[in-house]
Structure formats: structure tokens, C-alpha cells
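We did not get these values from a lab; they are worked out from the coordinates using the rules stated. Remember, predicted model here, so these are calculated numbers, not experimental data. Using ideal geometry, Cβ is built from the backbone for each residue, glycine included, and neighbour counts are taken over all protein chains shown.
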Amino acid sequence: MRLFIGAAVAAGVMLAGFVAQAEPIKIKFSHVVAENTPKGQMALKFKELAEARLPGKVVVEVFPNSQLFGDGKVLEAMLLGDVQIAAPSLSKFNKYTKKLQVFDLPFLFKDMDAVEKFQNGPKGQELLNSMEKKGLIGLGYLHNGLKQLSASRELRSPVDADGLKFRIQTSDVLAAQFEAVGATPLKKPFSEVFLLLQTKAIDGQENTWSNIYSKKFFEVQDHITASNHGLIDYLVVTSAEFWQGLEDDTRKVLKASMDEAIAHGNKIAAEKVNSDRKRIADSGRSKILDLSAADRAKWVEAMKPVWAKFSDEIGQDLIDAAVASNN
Ligand code: LMR
């Protein structure tokens with residue numbers, strides 16, 4: 001008996017030792033933008049907070065600039081367990097849900113307050129779980145900001161875009177938006193945009209001030225129209241298998257760290273709208289055009305018919321809720 005108790009105690013000690021030395025949980029966070037962007041800074045903040053609060057228990061590795069996975073592959077890789085967190089733009093979930101396309105409708109949100117209101121409202125919160133059956137869980141929304149149009153020639157009115165080739169993200173709504181002004185949309189990964197612009201394989205693209213600045217698109221585009229015609233925000237996602245497999249306490253700390261990291265990223269996003277626009281303006285490399293109300297109305301008139309084409313896929317209830325957030 002004594003021998004048995006002794007053996008059991010020894011086994012217990014060994015097990016405790018094993019648990020204490022258990023390998024930390026590795027969390028790979030893969031994204032496509034530069035580090036000096038809202039998403040880049042948010043990812044680093046998440047690493048800092050999560051590792052400080054769960055010392056030895058989790059290690060967060062951040063891979064910016066499409067180093068690990070580009071746009072097309074990251075969600076597949078997540079479902080295979082090769083990456084645990086990503087924050088693709090809301091325009092890159094087409095394969096998994098059609099509902100998030102609501103965010104791509106041109107001229108839907110009048111400003112970022114409206115975006116915030118919709119995302120935090122019941123419909124926006126429902127969307128976080130819209131891919132759970134496909135194995136993806138939304139942990140929250142992260143802002144980047146409203147999109148601007150850039151091109152090799154001045155885009156003052158929609159006819160100026162006629163016949164030009166624009167790079168777009170993998171969204172059918174964005175394709176329809178450019179077709180509506182007679183342009184040719186090309187779905188290309190973010191990592192290829194600079195070279196495509198530089199070599200003039202494409203004429204233009206649409207993006208936020210921070211992406212246009214941090215990826216130097218302004219150095220290879222003579223004109224930027226401050227159109228604010230659409231949105232680039234992100235859904236921070238993880239795989240259901242990974243997330244649900246965590247211990248409750250660990251999951252709670254990671255979620256709180258993510259919420260704080262997102263708040264940090266959102267603050268940077270709000271600052272960059274002005275600061276990165278100013279950096280571009282100061283560089284003198286690209287001419288920025290502010291649209292008059294009359295010119296802006298022409299873009300709205302040309303692009304807004306896209307809404308009706310996608311209302312069945314997206315759901316009119318979602319579109320109505322998004323529109324209502326402007327009030
Ligand atoms: C793009 O592909 O233009 C953006 O979604 C990149 C990003 O993640 O901001």
C-alpha cells in the first residue's frame with residue numbers, strides 16, 4: 001500500500017511538472033498590411049497584452065505584409081490550423097458568407113460614426129457569428145476607414161473612370177461598383193497592388209488613406225479623389241475549433257486583450273485619416289481632389305444602383321439597418 005501511495009505521489013509530482021512545463025499555446029496572427037497601420041498596430045498591441053497577461057501560457061507571433069499568408073489563403077489556412085487569428089477586410093469573406101457584402105455597398109455609410117453604430121447594433125453583432133457553421137468565429141470589428149479612389153488620371157466625375165482598369169478586393173459588389181462606371185475591375189491580392197500600379201498593368205485602385213500611404217500607392221498614382229465612397233474595415237476572426245478548444249479562463253483573457261487591442265487600433269485609424277492624407281499631400285507625389293457636392297452626387301447616382309442587385313443575397317433587413325445607422 002505504502003509503495004502504491006508512494007508511486008501515486010511520484011506520478012502526481014511528475015504530472016504537475018509536466019503541466020508546469022507544458023508548451024505555451026502558439027497563436028499565429030497573419031495579416032497583409034504594414035506595421036504602421038491600424039491593423040498592424042492592433043496586432044502588436046494584442047501580442048503585448050496577451051503575453052503579459054498569460055505569461056508562459058501563450059506566445060503570439062505576428063506576421064505582417066502577407067509574409068505568412070496573403071488574402072486568398074489565410075482563411076483556408078485558419079481552418080487547417082496553420083494560423084489562429086487574422087483580420088481580413090470585410091470584403092474578403094465572399095466564400096464563407098454573402099451577408100458581409102453589406103459593408104461593400106457604395107455610399108452606404110455617411111461617416112465612421114454610422115459604421116460604428118451599425119457594427120455595435122443587433123444586426124452588426126449578429127454578423128460576427130454568421131460563419132460559425134463554416135468554422136469561423138468573429139471576435140470583433142476593427143476600423144480602417146473610408147475608401148478613396150486613386151488613378152493615373154483625375155477622377156472628377158464617373159465618366160473619367162470609363163475604360164480604366166481598377167484593382168479590387170475579392171468582392172462581387174466591388175466588381176459591380178466599377179462596372180457601373182464603365183471601368184474594368186480586377187480581383188488581385190493586396191500584395192500585388194503596388195507592382196500592378198507601377199508597371200501600369202492597372203490604372204487605379206480604391207483604398208484608405210493609411211493603406212495608400214503605407215504601401216506607397218501614392219508614389220505611383222498621379223491622382224487621388226477624396227471620395228469616401230466605401231469602407232475598409234476588418235473582421236477579426238479565429239477558428240471555432242481553436243477558440244472553443246481553449247480553457248475558459250484563457251479564452252476570457254484573450255478576448256479582453258483583443259477588445260483592448262481593437263480599441264487601440266480604432267484610435268489609430270481615426271488619427272490616420274488626417275495624418276496619412278496630410279503625408280501624401282505634403283509629398284507632392286499625388287494630387288488630391290476634393291469633390292464638390294454636385295460631382296459627388298454624380299458618383300452616387302452612377303454607383304448606387306448596385307444596391308438593388310445584391311439586396312437578395314445580402315438581405316434587405318441588413319441594408320435597412322445599415323442605412324438607419326446614418327441617422
Ligand atoms: C486591400 O486588399 O486593399 C485591403 O483589404 C488590405 C487591408 O487588409 O487593409
Quiz item: To one decimal place, what Kirkwood hydrodynamic radius in Å is obtained for the chain from all pairs of distinct Cα atoms?
Solution: 21.0 Å
Quiz item: Using alpha carbon centroids, what distance separates the range 202-273 and the range 123-199, in Å?
Solution: 14 Å
Practice problem: Tell me which residues come under 5 Å, amide H to amide H, from Leu136 once H is placed; ignore anything under 5 positions away on its chain. | Solution: Ala240
Exercise. Along Cα→Cβ, 7 Å out, is where each label goes; now give me the distance between the ones at Glu219 and Lys200 in nm to one decimal.
Key: 1.9 nm
Quiz item: What residues qualify as long-range amide H neighbours of Ala183, i.e. H under 5 Å apart, gap of 5 or more or another chain, H built at 1.01 Å from N?
Solution: Gly163
Quiz item: So how strong a dipole does the chain carry about its Cα centre when Lys and Arg Cβ are +1 and Asp and Glu Cβ are -1, to the nearest 20 debye?
Solution: 420 debye
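Using just the helices of the chain, give the 222 nm mean residue ellipticity in deg cm²/dmol: DSSP H runs with n ≥ 4 each add -39,500 (n - 2.57), and the total is spread over all residues, rounded to 500. Let's see the in-between values first.
On the way: 13 runs with 147 residues, N = 327.
Computed mean residue ellipticity for the chain: -13500 deg cm²/dmol.
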Quiz item: Can you give the relative contact order of the chain as a percent, counting alpha carbon pairs under 8 Å and 6+ residues apart?
Solution: 25 percent
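Label the range 223-309 by shape, choosing from rounded, prolate and oblate, from the square roots a ≥ b ≥ c of the eigenvalues of the Cα gyration tensor; if a/c is under 1.5 it is rounded, and otherwise prolate applies when a/b is larger than b/c, oblate when it is not.
Judged from the Cα gyration tensor, the range 223-309 comes out oblate (a/c at least 1.5, b/c at or above a/b).
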Quiz item: Roughly what angle does helix 2-20 make with the longest principal axis of the chain, taking Cα atoms, 0 to 90 degrees, to the nearest 10?
Solution: 20 degrees
Quiz item: If R0 is 45 Å, what FRET efficiency do you get for Glu35 and Arg156 from their C-beta distance, rounded to 0.05?
Solution: 0.85
Quiz item: Which whole-Hz couplings ³J(HN,Hα) result when phi for each residue of the range 227-241 is put into the Karplus expression 6.51 cos²θ - 1.76 cosθ + 1.60, θ = phi - 60°, listed in order with x for Gly and Pro?
Solution: 9, 6, 7, x, 10, 10, 10, 10, 10, 7, 10, 9, 8, 4, 4
Quiz item: How long is the gain from Gln244 to Asp259 if the chain were fully straight, where each residue apart is worth 0.36 nm and the alpha carbon distance is subtracted?
Solution: 3.6 nm
